[in-house]
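Let me begin by presenting the structure, written as structure tokens, before commenting on it.
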Amino acid sequence: MKQDMIVILDLGSHENTVVARAIRALGVYSEIYPHDITAEELKALPNVKGVIINGGKNNVIDGVEIDVLPEIYEAGFPVIAAGHDKALCEVKLPEFGNDEAAIKAAVKDFVFETCKAEANWNMKNFVADQVELVRRQVGDKKVLLALSGGVDSSVVAALLLKAIGDNLVCVHVNHGLMRKGESENVVEVFRNQLCANLVYVDATDRFLGLLEGVAEPEQKRKIIGGEFIRVFEEEARKLAGGIDFLGQGTIYPDIVESGTKTAKCVKSHHNVGGLPEDLQFELVEPLKQLFKDEVRACGVELGLPYEMVYRQPFPGPGLGVRCLGAITRDRLEALRESDAILREEFALAGLDKKVWQYFTLVPDFKSVGVRDNARSFEWPVIIRAVNTIDAMTASIEHIDWAILDKITNRILKEVPNVNRVCYDLSPKPNATIEWE
Ligand code: XMP
């Protein structure tokens, strides 16, 4: 393994991910582990150079005071224990706060002088290490991967392809609710350019058939989610005889949020979700130590196209939650075409690199207008463009009127059955980013 590592032991502090990011920003790899790790487990981790025990005075979870095992202090590693008074601490720091720059300055000497860690954390080394680890884990067996075309699954696919080549089997399920050109792009990049073993399933009719007449947003989401699993499961069963591993685009925030302990086998609550118990795969999760921006850097290192790596977030139910109310094929087409125009114009104006998420919606009502000197009765298109850090709250982008004008004119001219364009001015809260 090529990377030195500073281990952070989790005593329930919300700052741990900021501390990990600050150390990685110094060029040294860092991972968070549960507070109850044993000295033996700690020593078994590769290239540990030092330990940070972070929690200060808030080491109480559910009314119970928690602490690391005393043996951790005797495991032979330099230790920072913020807010602790342990005799064996080599360095004591004041409580960190949430400021990445301040944390960087505070831990720099510890990392480089005390621990003698080398700044060897970079994507080239990361990819080389993961390729080696995946090869060790998988051997000459096959790995199945649900490739949605999203950032995480695309980067996992590229990494697994580099590690095991033909032994990776990707399944791309097109639920008919993808954006314009999206499924075609997945096939083009992975099958034609990267020569991946890709099973493409066009399940459009199946999904749209089940969704016919269903207007309630939660019910739509459940149908799409449930059917996705069934289609994937069918494909998995066809291949299952020869497959032992399931690739997953799990990333670091998923792991940290679930208590830094990862499940070994697929259970119904897992990311891919709902796969039957009798399909027992071992998981392969090479991105599970990366934050989102690092996943993107990894994609770039692996040579994936910019648009794929810097793709904006796209909900699992896809256009299904933007074609409001009961989905019809003609409204779905109006949605797909207007969304493509919006994306094209945002790219031309450089807004694709500035705005966090932007898309169109088509509601299930019509309004009166004029087309070719005659009365028209057609749908409106709604534009939404928002900025956010964590998607918990969001503010709208103040788009230049001239750009909105241009987009409006193009949509009215090029998209059939649309006679109005509106801009959604609502922040989250009270609205959410998606409408359904
Ligand atoms: P809301 O609408 O809740 O969306 O403000 C917050 C962010 O989550 C995305 N989103 C989803 N992502 N599966 C996903 O992977 C989903 O079912 C889903 N629903 C919403 C949404 O696009 C926004 O970025």
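Using 0.36 nm per residue and subtracting the Cα-Cα separation, the extra length available between ASN47 and PHE112 on full extension is 22.0 nm. Computed over protein heavy atoms with a 1.4 angstrom probe, the accessible surface ordering of CYS323, CYS422, largest first, is CYS422, CYS323. Annotation: for a label point projected 7 angstrom from Cα along Cα→Cβ of GLN312, residues of region 145-166 with backbone N closer than 19 Å are 149-152. Shown for the chain is the translational diffusion coefficient from the Stokes-Einstein equation, using the Kirkwood radius over Cα pairs, a temperature of 37 °C and a viscosity of 0.692 mPa s: 135 µm²/s.
Residues whose amide H falls under 5 Å from that of ALA196, counting only those 5 or more places apart or on a different chain, are ARG191, with hydrogens built in the peptide plane. Computed over protein heavy atoms with a 1.4 Å probe, the accessible surface of region 102-250 works out to 43 Å² per residue.
Residues whose amide H falls under 5 Å from that of LEU283, counting only those 5 or more places apart or on a different chain, are LEU246, with hydrogens built in the peptide plane. Averaging the sequence gap over all C-alpha pairs within less than 8 Å and six or more residues apart, then dividing by the number of residues, gives the chain a relative contact order of 12 percent.
Would you please state which residues of region 1-42 a label at LYS124 would reach in this model, taking the label point 7 Å out along Cα→Cβ and a backbone N cut-off of under 16 Å? Those under the cut-off are 2-4, 27-28. In the elastic network of the chain, a GNM with C-alpha springs shorter than 10 Å, the most mobile of ILE72, ILE403, ILE389 is ILE389. Here the accessible area is traced with a 1.4 Å probe on the protein chains. For the chain, carbon and sulfur cover 51 percent of it. Using just the C-alpha positions of region 189-239 as equal point scatterers, what log10 of I(q)/I(0) does the Debye formula give at each q in 0.19, 0.27 1/Å? With one equal scatterer per Cα and no solvent, log10 I(q)/I(0) is -0.74, -1.01.
Look at the dipole of region 304-436 built from charges on Cβ: of ALA394, ILE341, SER367, the Cα furthest out on the positive end belongs to SER367.
Between ASP400 and ARG191, the simple spin-label model (points 7 angstrom out along Cα→Cβ) gives 4.0 nm. Spacing of the modelled spin labels on GLN280 and TYR423, each 7 Å from Cα toward Cβ, amounts to 5.8 nm.
Working from label points 7 Å from Cα in the Cα-to-Cβ sense, the ALA105 to ASP140 distance is 5.7 nm.
The values are calculated or read from the model by the stated rules, or taken from the named source; none is laboratory data. It should be emphasised that the depicted structure is a prediction, and the values quoted were computed from it without experimental measurement. Positions of Cβ are generated from backbone atoms using ideal geometry, with glycine treated the same way; all protein chains shown enter the neighbour counts. The area values use the complete protein model at the heavy-atom level, side chains included, leaving out ligands, DNA and RNA. Shrake-Rupley method; radii C 1.70, N 1.55, O 1.52, S 1.80 Å.
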